[in-house]
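Heads up: the structure comes next, in structure tokens.
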Amino acid sequence: MVSLKFYVRAVLSLILLTMLACQNQVNNPNQTPVNNPQTPTAAGDIPNRKWWKEAVVYQIYPRSFKDSNGDGVGDLRGIIEKLDYIKSLGVDVVWLNPIFASPNDDNGYDISDYEAIMKDFGTMADFDALLAGMHERKLKLVLDLVANHSSDEHRWFQEARKSRDNPYRDYYHWWNEEKGTPPKRVSFFDDKGDGWQYEPNTKSYYLHYFSDKQPDLNWENPKVREEMYKMLKFWFDKGVDGFRMDVIHFISKDTTFPPIPAEFKDDYGKFYGSGPKKHEYVQEMNREVLSKYDVMTIGEAGVGMEDAHNYVDADRQELNMIYHFEGVGLGYLPNSKKIIDPNGWKLTDFKDVYSRWDASFAEKGWNTVYLGNHDQPRMVTRWGNDSAEFREVSSKMLTTFLMTQRATPYYYFGDELGMNNIKFDQIEDYKDIESINWYKQIKDAGGDLKQFLDSQKIAARDNGRTPFQWENSANAGFTSGTPWLKVNPNYQTVNVAAEEKDENSPLNYFRRIVKFRKENPVLIYGKYTLLDKANESVYAYTRELSGKKLLILLNFKEKEAVADINLDLSRAKVLLGNYAAPSTDGKLKPYEAVILELAN
Ligand code: NOJ
């Protein structure tokens, strides 16, 4: 009897302890679940369900979304004004590019205070109101962690550059002059392309993989890591629901900076990032901070599939997802400044990339998919066709691709309208440090500037950063002032107000397909099988789960095309398509997308 009482008490305390532990993990009342992973669905028993796998992420470039105070720059109050619009899309998570204090050498990817809001964007009170407004609407908020580098205007760097024995000196990487010229490291954005900047005051060079106003932080120094964890806790305690982590594979480097062998062509590869402690640091971050909150983490990491698993497999205790560059890198000349390959890109290569990444994550880890973001041009120009005839239909086709992959989709603001590249003619129109400094580098080297400017019309990042098109009034309703970057003149017809009125607009198609994905777990978790692999026009695949089988057919070309899929379509049911009369027989109209349910 005594032992039974003891046993019951022990079990009760265990339950209590477990409850406390769980409470501790989701210890923030401000965090609101989007989808309860326990919610039963038609999907039956799906192992390892997670809200962040089921989410559709909508990425907002705050500088270009909505300006509330007429200074020509989008801001947090502007986003607050438009929360109902964002909610109406059906998305679950909003990822904001950096909103922290910054001199804006690289539009916020150069942070001068990680716990303050950029003046152009507003105040901490605005941020709190934004977060509350999102949570009221059951939207989650993901911020951007820029941990590899800070701004040179950050207090740490201001101190570090004062003297060699300053307590903040080791927050950064230095190469003292008496050691000779530092081993070559190129910089992405510097006008000279040199990753070391001489600092006369202390007669030494500091490392910067990006612009010389973005010095690389030294993660070998435990104090730097502590600062980062403290900062992450600051935002999570406010209720932020996750972080996208900028160039996370760069935080660990070989700090002996060995010379790069001449035959090593991949400039930014292993001699730059992916250092020996990369996983040790991310695991530490997970242990110290991430594991204590129910948050979503996504690393930006130019790594191969094998290493991607080391970042995201659940047993690694690191991140939830990473995004790769294999897909968006197609169609450029190798090792070039995004110079367009005159041979274009092949659909078979595109299918190959997305199919290999799918296969790799079929059993373990979780995949992501995107075609546009702030580092990419507009998806419809790059992967579809932005001519008057095909812009709408091809943008809907690409949206169909993104929403039918076994991966968390990251959807870039404006793509729901079918916004396309602005295609500047002259370098003076560009505001992006990447375009401006690459132009200078090519000019100084006597290179082909025309080829560069022509390629930038397709590839430049500013194409994806032009102001959001709300309506057909001045500046597309983005600002009452002068916009920081030109508005695409097609705002007269391509804008939210016009598309709201049109049932068949890209905007309403996006809403429909987001809802459709959420109602059909087969599109989230179902097995993916590529069909008709060699077809250079049609991307065809099936998704299968619990006896349900969907067939997705996407024509990537402006001519009719036939999918050679060897399936009986006679009893197939059309579920969604981007034409009023969708194809049911595998013969696809230009840029047609159709989702069919196959009969059992
Ligand atoms: C990757 C970011 O996405 C990009 O916009 C930025 O310029 C670099 N990292 C440097 O932070």
| Estimated distance in nm for a label pair at ASN166 and LYS559, the labels positioned 7 Å out from Cα along Cα-to-Cβ | 6.3
| request: Within segment 366-391, find all residues whose amide N lies under 13 Å from a label point positioned 7 Å from the Cα of THR493 along Cα-to-beta-carbon. | output: 386-391
| request: Could you work out the equivalent-ellipsoid semi-axes for segment 439-507, taking the square root of 5 times each eigenvalue of the Cα gyration tensor, largest first, in whole Å? | output: 33, 15, 7
| task | Indicate, rounded to the nearest 5 percent, the antiparallel portion of the DSSP beta bridges found entirely in the chain. | result | 60
| What is the fewest-to-most order of ASP349, ASP415, ASP462 by other Cβ atoms lying within 10 Å of their Cβ? | ASP349, ASP462, ASP415
| query | What lysines sit close enough to LYS515 to cross-link, taking a C-alpha to C-alpha distance under 22 Å and skipping anything fewer than 8 places away on the same chain? | reply | LYS50, LYS53, LYS82, LYS87, LYS138, LYS140, LYS396, LYS501, LYS527, LYS548, LYS549, LYS573
| said: Can you give me the orientation-averaged projected area of the convex hull built on the Cα atoms of segment 320-438, in nm²? | reply: 8.6
| Over 11 Å [Cα-Cα, segment 289-334], rounded percent | 69
| remark: Contact order relative to length for segment 155-207, counting C-alpha pairs under 8 Å separated by 6 or more residues, stands in percent at 33
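So which DSSP H runs in the chain come out at 27 Å plus along the axis (Cα) with average Kyte-Doolittle of at least -0.5? Could the numbers behind the result be given before it?
Values: long enough: 2-25 (34 Å, 1.18).
Membrane-span-like by this rule: 2-25.
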| task | Quick one: pull the percentage of alpha-carbon pairs in the chain with a separation above 43 Å. | result | 21
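Normalised by the number of residues in the chain, what is the relative contact order in percent for Cα pairs under 8 Å and 6+ residues apart?
Value for the chain: 13 percent.
To one decimal place, what Kirkwood hydrodynamic radius in Å is obtained for segment 450-600 from all pairs of distinct Cα atoms?
Evaluated on segment 450-600, it is 18.1 Å.
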| request: Any chance you could run the full-extension gain for TYR85 through LYS587? It's 0.36 nm times the residue separation minus the Cα-Cα distance, nm to one decimal. | output: 177.1 nm
| Cα-derived Rg to Rh of segment 155-207, Kirkwood definition | 0.97
| query | If eta is 1.002 mPa s and T is 20 °C, what Stokes-Einstein diffusion coefficient results for segment 527-597, Kirkwood Rh from Cα pairs, in µm²/s? | reply | 178
| remark: Any GluC sites (Glu not before Pro) in segment 345-447 that lie in a DSSP loop and have at most 10 other Cβ atoms within 10 Å would be GLU363
| query | Mean residue ellipticity at 222 nm from the helices of the chain, using -39,500 (n - 2.57) per DSSP H segment of n ≥ 4 over the full residue count, to the nearest 500 deg cm²/dmol? | reply | -8500 deg cm²/dmol
| note | For segment 59-64, in residue order, the Karplus 3J(HN,Hα) values (coefficients 6.51, -1.76, 1.60; θ = phi - 60°; whole Hz; Gly and Pro = x) are 8, 10, 8, x, 4, 10
| field | Rg ratio (alpha-carbon, reference 2.2 N^0.38 Å) - segment 386-461 | value | 1.40
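Laboratory data are not the source of any read-out in this text; all were calculated from the coordinates shown. Small disclaimer: the values here were computed from a predicted structure and weren't measured. Please note: Cβ atoms are built from the backbone with ideal geometry, for glycine as well, and neighbour counts cover all protein chains shown.
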